[in-house]
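S.K.: A single structure is presented below for examination.
The values are calculated or read from the model by the stated rules, or taken from the named source; none is laboratory data. Note that this is a predicted model, so its numbers are computed, not measured. When we count neighbours, we look across all protein chains shown, and the Cβ atoms used for this are built from the backbone with ideal geometry, even at glycine. In case anyone asks, the SASA skips ligands and DNA or RNA and just uses the protein heavy atoms, side chains included. Shrake-Rupley method; radii C 1.70, N 1.55, O 1.52, S 1.80 Å.
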Amino acid sequence: MGFLSRVSTVRLRAGTPSPASNFWYTPEGWIGQLSTAGVHVSPELSKTLSAVYCATATITDDIATMPPHVYRMRGLDGGKERVPRYRGLERLLRRRPNAWQTAPEFWGTMFGHQLLRGRALAEKIVNPYDGSVEQLIPRHPDRIKAERLPSGRMRYTLTGLVDAHGQPRVLTQDQAFVLLDFSADAVTPISRISYGLNSLGAALAQERYTQAFFHKGATAALVATHKGGELEEEEAAALHTSLTRFATGAENAGGILLIEDDITIEKLGIEPEKAQLLGSREFAIREVARWFKMPGHKLEALMQTQAYAAREAANLEYVIGCLRPLVYGAEQVIHRDLLSADAQDEYYVEFLMEALLRGDTMTRAGYYEKAIRNRWMNPNEVRRKENMEPYEQGDEFAPWNTATAARQGDTTETRESLSARGRGRVGYRAMLLAHEAAARVVRKEVAAVTKASERFAEDGAGWSTWLRAFYADHAAFVAQTLQIPLPHARAYAAQQGTTLETRGIGVMADWEWTVARELAQ
């Protein structure tokens, strides 16, 4: 039996297109399209570029950490309430979208397909009894043929799968959950890899050139001139072998060549620095960042080195310009494909982008402080977000900021309320002064503790020692500022230090109004 005959008898794995299938020869196949640099570019080949892999992994990982929540809109007050058990939708999106993938794995697969191939499709497995979606099974975009029917609805043919009759599987629009990247006709999206064909092809060609450069000669090419006359063939071959062994391979770079004969060695090639390998690779990284709408420092581009403040601004642009459009589009697709027509007017799904702030303790603390002080969150709502148990009276909102109101001239309602409680003008002014002094004490305390927490982040013993020393001195400042007995100030300081040592700095989120109010009283 000949070789071709033996090959023809090989059985392919179920779902794999045959070698004669057009799948392997289309632009969507693994071979890809030919760029002007003479290099084929495909989603799989592009991922061999570290910048493309890093960009895709960063975006998909960040989105996968955003938990999707199901909400119901309240018609009376225009508010919303979370409905975590609505028809199993939140469990499907947050916990187990199918039998073998976790939610981060599923969303990583879907957004990876969308970024690299322009389309991500998951087949919906529906409960026949109540019509709810039980599973979402990702299908490979390269094996999907999309077409618009005369009715205007979409139909998707899965070329790698067959039905009970041996025909390619066909999904209707109601059986598919589809994410699309940019598309001119809303049917055939063009992936970023296809749009960036030439620039990515140049980057791949640069990678190959760099590899060949170091493989064939990490040191520069050499010319050997023998001054003693013509060499015999065997002598010339031996000399060539010796020089080649020295000049070839990165492991020989910087070595010493010893030559006994009267031979002159001169450099013929160019050095890596003069070949501008690093500069061209840096340009390729910036090109990839541009295609994925990412700040350069996310891909560790040397030319994008920035100060901390500039990076903060760039991170905000990354969330707004890169992540938010993808997430908002996914929310719209969930609303369209996973909610019934009757439920679409009342329910919706939202990814919580606040999860991206969970790694920054100080940012979260400042966010919660403003939320509590401005009365659009209460302490227990904050504690729930931080996975902490609620406490009594924690559902009460902060009192009206009377100091701010007085500066703005809006004190009529506040004074009437205080007058109704039997407080005179003198008592009202005294309360404002006491509250201002107490707030100043707490602000100084929070600032000092925050700064020290960064210094002793990995030194528990040093943190405890610092707390004791700080609050020993802070007690005198409290007593002097608030004009209270020193023993009372020491008791307050001891209580604050113990709370921080046992519960951490997260408890400071509501101190400026809760602790300040207690001190003022």
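S.K.: Looking only at region 125-135, which residues are of a type in the set (A, V, I, L, M, F, W, C) and either closer than 17 Å to Glu44 by Cβ or out of contact with any Leu (no Cβ under 6 Å at 6 or more places or on another chain) (or both)? Before the answer, list the steps.
M.R.: Within region 125-135, the subset of a type in the set (A, V, I, L, M, F, W, C) is 125-126, 133.
Scanning region 125-135 gives Ile125, Val126.
S.K.: Does region 161-200 hold any residues that are under 17 Å from Met110 (Cβ atoms), among the hydrophobic types (A, V, I, L, M, F, W, C) and surrounded by 15 or more Cβ atoms within 10 Å (Cβ to Cβ), and which are they? Walk me through how you get there before you give the answer.
M.R.: If we filter region 161-200 for residues that are under 17 Å from Met110 (Cβ atoms), which is where we start, we get 171, 175-183, 189, 191-193.
So of that shortlist, the ones also among the hydrophobic types (A, V, I, L, M, F, W, C) come out as 171, 176-180, 182, 193.
Scanning region 161-200 gives Leu171, Ala176, Phe177, Val178, Leu179, Leu180, Ile193.
S.K.: Within the set of pairs 6+ apart or on separate chains, which have a first residue in region 447-467 that is under 22 Å from Glu369 (Cβ atoms), a second that is surrounded by fewer than 17 Cβ atoms within 10 Å (Cβ to Cβ) and among the acidic types (Asp, Glu), and C-beta atoms under 9 Å apart?
M.R.: So the pair list comes out as Trp463/Glu501; Leu467/Glu501.
S.K.: Does region 379-395 include one or more residues that are modelled with pLDDT of 85 or more, under 30 Å from Glu134 (Cα atoms) and buried (at least 17 other Cβ atoms within 10 Å of the Cβ)?
M.R.: no
S.K.: Failed condition for Pro104, given (1) closer than 22 Å to Tyr347 by Cα; (2) of a type outside the set (Asp, Glu); (3) in contact (Cβ under 8 Å) with a residue 12 or more places away in the chain; (4) surrounded by fewer than 17 Cβ atoms within 10 Å (Cβ to Cβ), with all others met?
M.R.: It is condition (1) that Pro104 fails.
S.K.: Right, another one. Being of a type outside the set (A, V, I, L, M) and either under 31 Å from the mean Cα position of the chain (by Cα) or not in a strand (DSSP E or B) (or both) is the filter here, so list the residues in region 161-177 that pass it.
M.R.: Residues of region 161-177 of a type outside the set (A, V, I, L, M): 163, 165-169, 172-175, 177.
Asp163, His165, Gly166, Gln167, Gln173, Asp174, Gln175, Phe177, listed by residue number.
S.K.: Moving on to the next point. Looking at Arg95 and the list (1) touching a helix residue (DSSP H, G or I) at 6+ places or on another chain (Cβ under 9 Å); (2) more than 17 Å from Pro43 (Cβ to Cβ); (3) surrounded by 14 or more Cβ atoms within 10 Å (Cβ to Cβ); (4) without any contact (Cβ under 8 Å) to a residue 40 or more places away in the chain, which single condition is not satisfied?
M.R.: In the conditions (1) touching a helix residue (DSSP H, G or I) at 6+ places or on another chain (Cβ under 9 Å); (2) more than 17 Å from Pro43 (Cβ to Cβ); (3) surrounded by 14 or more Cβ atoms within 10 Å (Cβ to Cβ); (4) without any contact (Cβ under 8 Å) to a residue 40 or more places away in the chain, Arg95 misses (3) alone.
S.K.: Quick test of your reading of the structure: Ser35 fulfils all but one of (1) closer than 22 Å to Ala203 by Cα; (2) at pLDDT 85 or above; (3) crowded, with 19+ Cβ neighbours inside 10 Å. Name the failing condition by number.
M.R.: Checking Ser35 against (1) closer than 22 Å to Ala203 by Cα; (2) at pLDDT 85 or above; (3) crowded, with 19+ Cβ neighbours inside 10 Å, the one that fails is (2).
S.K.: Of all residues in region 119-132, which are open to solvent by less than 50 Å² (accessible area, probe 1.4 Å) and modelled with pLDDT of 90 or more? Full working, then the answer.
M.R.: Keep residues of region 119-132 that are open to solvent by less than 50 Å² (accessible area, probe 1.4 Å), which gives 119-124, 127, 131-132.
Within region 119-132, Arg119, Ala120, Leu121, Ala122, Glu123, Lys124 qualify.
S.K.: Determine, yes or no, whether Arg490 is in a helix (DSSP H, G or I), open to solvent by 40 Å² or more (accessible area, probe 1.4 Å) and free of Cβ contacts under 8 Å to residues at least 40 places away in the same chain.
M.R.: Working: in a helix (DSSP H, G or I): yes; open to solvent by 40 Å² or more (accessible area, probe 1.4 Å): yes; free of Cβ contacts under 8 Å to residues at least 40 places away in the same chain: yes.
When the stated conditions are applied, Arg490 passes them.
S.K.: While we're looking at this one, here's another question. Looking only at residues in region 493-507 that are touching a residue at least 12 places away in the same chain (Cβ under 8 Å) and open to solvent by 20 Å² or more (accessible area, probe 1.4 Å), which one is nearest to Arg383 (Cα to Cα)?
M.R.: To start, the set of residues in region 493-507 that are touching a residue at least 12 places away in the same chain (Cβ under 8 Å) comprises 493-494, 496-497, 500-501, 505-506.
Of the ones still in play, those that are also open to solvent by 20 Å² or more (accessible area, probe 1.4 Å) are 494, 501, 505-506.
Working: Ala494: 23, Glu501: 18, Ile505: 13, Gly506: 9 Å.
Only one residue fits best here, namely Gly506.
S.K.: What number goes with the only condition from (1) small (Gly, Ala, Ser); (2) in contact with a Leu (Cβ under 7 Å, 6 or more places away or on another chain); (3) under 23 Å from Gln33 (Cβ atoms) that Ala122 does not pass?
M.R.: All conditions are met except number (3).
S.K.: Name the single residue, out of those in region 148-160 being surrounded by fewer than 17 Cβ atoms within 10 Å (Cβ to Cβ) and under 33 Å from the mean Cα position of the chain (by Cα), that is nearest to Ala330 (Cα to Cα).
M.R.: Only one residue fits best here, namely Arg155.
S.K.: Among all residue pairs at least 6 apart or on different chains, which show Cβ distances below 6 Å where the first residue, located in region 313-335, is under 27 Å from Tyr86 (Cβ atoms) and the second is among the aromatic types (Phe, Trp, Tyr) and open to solvent by 20 Å² or more (accessible area, probe 1.4 Å)?
M.R.: His335/Tyr348
S.K.: Scanning region 316-357 for residues that are small (Gly, Ala, Ser) and open to solvent by less than 40 Å² (accessible area, probe 1.4 Å), which turns out nearest to Lys124 (Cα to Cα)?
M.R.: The first filter runs over region 316-357 and keeps only residues small (Gly, Ala, Ser), leaving 321, 329-330, 340-341, 343, 355.
Checking which are open to solvent by less than 40 Å² (accessible area, probe 1.4 Å) leaves us with 321, 329-330, 343, 355.
Details: Gly321: 30, Gly329: 18, Ala330: 15, Ala343: 18, Ala355: 27 Å.
Taking the candidates together, the pick is Ala330.
S.K.: Considering every residue within region 396-404, establish whether at least one is part of a loop (DSSP other than H, G, I, E, B), at pLDDT 80 or above, open to solvent by 70 Å² or more (accessible area, probe 1.4 Å) and farther than 30 Å from Gly88 by Cα.
M.R.: First, the residues of region 396-404 that are part of a loop (DSSP other than H, G, I, E, B): 396-401.
Filter once more, so that each one left must be at pLDDT 80 or above: 396-397.
Still in the running and open to solvent by 70 Å² or more (accessible area, probe 1.4 Å): 396-397.
Filter once more, keeping what is farther than 30 Å from Gly88 by Cα: 396-397.
Within region 396-404, one or more residues are part of a loop (DSSP other than H, G, I, E, B), at pLDDT 80 or above, open to solvent by 70 Å² or more (accessible area, probe 1.4 Å) and farther than 30 Å from Gly88 by Cα.
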